[in-house]
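S.K.: I am attaching a structure below and will ask some questions about it afterwards.
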Amino acid sequence: KGSPQSIIKMATKYTRVSLRVPGWAKGGMIIEASAAGKKFKVQIPEHLHPGQYFTVRVPSGGAEDGKELKHSVVSPEVTFNLEPNIFVGNDKFFKEVKSCGDWCDLSTCCCPYVKFSGKDKSIVLTHKCCCLPCCCPFEASSLEPGAGKKPKVVGTLQPAGCFDQNCTAVFCPCCYTGPKMQAKFVGTDGDIKYMLKSHIKCCQYLCVCLAFCSPCFRCVRFCCTDTQYTKYEQNVYGNDLNDETVYAKVIYTDRMICPCIPDERVQIRIEPLEGKTISEEDLILLSSFPTLISGYTTCEFALPLGLPGGYLSALPTPCGIAQVDDANNIQSQHLTIQESLQSRRAEDMF
């Protein structure tokens with residue numbers, strides 16, 4: 001008799017790929033997807049609806065083109081994403097933790113920076129000189145992987161200057177009504193690409209005194225209604241101060257925890273307006289604004305953001321006072337938790 005043959009099966013390594021159910025699909029359908037440059041087919045679990053996610057196991061070497069992956073759907077799991085991250089399109093970037101050497105590097109004391117790393121490249125946000133917080137801009141750049149490569153500057157975020165405003169707003173501000181630039185996104189050529197601006201109207205702040213009643217309004221909303229969520233939409237305009245064309249919206253989602261403390265900000269998103277196309281470099285440039293106001297970069301940019309006259313005082317964000325938010329071209333809407341979830345689910349569908 002011959003000796004028995006030993007069959008050794010090499011363990012196959014898998015990569016977990018998260019997929020989203022398309023808006024036109026339903027549970028049980030077979031859809032095409034791609035991972036590691038290879039296309040494959042997978043069946044959507046029966047219980048899922050459009051916009052929901054599910055995870056599949058794909059061989060690390062890539063699936064065979066056009067092959068259906070059977071029994072590859074991973075069982076549902078619970079995940080809490082608590083780390084600061086940025087999504088630019090479909091790319092996800094995580095904030096890098098600085099080492100002791102980075103914190104002790106004296107060359108970065110005057111020009112602090114923060115870095116968000118992704119799979120194929122990184123986003124770097126640098127302040128050019130924290131000793132002059134109002135005069136020096138924040139520079140946004142992308143960095144490709146590889147030793148010796150320099151960041152590619154995509155633009156800067158700057159507060160508005162006197163020469164950016166209309167003449168009446170500079171020389172006779174008490175009598176001026178109209179648009180007023182608050183912050184500008186400048187390209188590498190030095191020209192303005194986008195801006196945030198307010199709109200000054202006659203006697204628009206006469207009702208600000210009602211802000212003293214804000215705690216009472218918050219208590220009523222917290223105790224007598226279910227609208228503990230607030231959705232804010234802030235307009236992003238083009239390079240012409242007098243042009244009212246909106247190119248994108250900064251969308252905030254806030255949650256009221258208690259009437260006596262500030263609301264918790266749970267999400268900031270920049271969404272191009274329907275019919276408007278914004279390049280990936282411009283999205284990276286625009287991402288500098290929510291990065292600065294998110295609170296995740298306070299340690300790195302404590303001086304340029306926190307000093308009197310710093311950027312936090314110049315960048316307009318929702319405050320909850322209707323008259324002030326309206327002047328800053330910020331619209332608000334109170335939502336219940338069900339309405340907030342439905343709104344986010346609808347925005348995730350495609």
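S.K.: Which numbered condition in (1) touching a Leu at 6+ places or on another chain (Cβ under 6 Å); (2) open to solvent by 70 Å² or more (accessible area, probe 1.4 Å); (3) not in a helix (DSSP H, G or I) is the only one that L312 fails?
M.R.: Going through (1) touching a Leu at 6+ places or on another chain (Cβ under 6 Å); (2) open to solvent by 70 Å² or more (accessible area, probe 1.4 Å); (3) not in a helix (DSSP H, G or I) one by one, L312 breaks only (3).
S.K.: A further question follows. Restricting attention to the stretch 116-129, which residues are open to solvent by less than 50 Å² (accessible area, probe 1.4 Å) and under 21 Å from the mean Cα position of the chain (by Cα)?
M.R.: The answer is F116, S117, G118, K121, S122, I123, V124, L125, T126, H127.
S.K.: Mind checking whether some residue in the stretch 199-206 is open to solvent by 40 Å² or more (accessible area, probe 1.4 Å) and modelled with pLDDT of 90 or more?
M.R.: no
S.K.: Do the conditions hold for C216, that is, is it open to solvent by 50 Å² or more (accessible area, probe 1.4 Å) and touching a helix residue (DSSP H, G or I) at 6+ places or on another chain (Cβ under 7 Å)?
M.R.: It is false that C216 is open to solvent by 50 Å² or more (accessible area, probe 1.4 Å) and touching a helix residue (DSSP H, G or I) at 6+ places or on another chain (Cβ under 7 Å).
S.K.: Condition first: assigned to a loop (DSSP other than H, G, I, E, B) and surrounded by 13 or more Cβ atoms within 10 Å (Cβ to Cβ). Now tell me which residues in the stretch 30-39 satisfy that.
M.R.: A36
The values are calculated or read from the model by the stated rules, or taken from the named source; none is laboratory data. Here the structure is a predicted model, which means the values were calculated and not measured. Glycine also receives a Cβ, built like all others from the backbone with ideal geometry; neighbour counts cover every protein chain displayed. These accessible areas exclude ligands, DNA and RNA; they are computed on the full protein's heavy atoms, side chains included. Shrake-Rupley method; radii C 1.70, N 1.55, O 1.52, S 1.80 Å.
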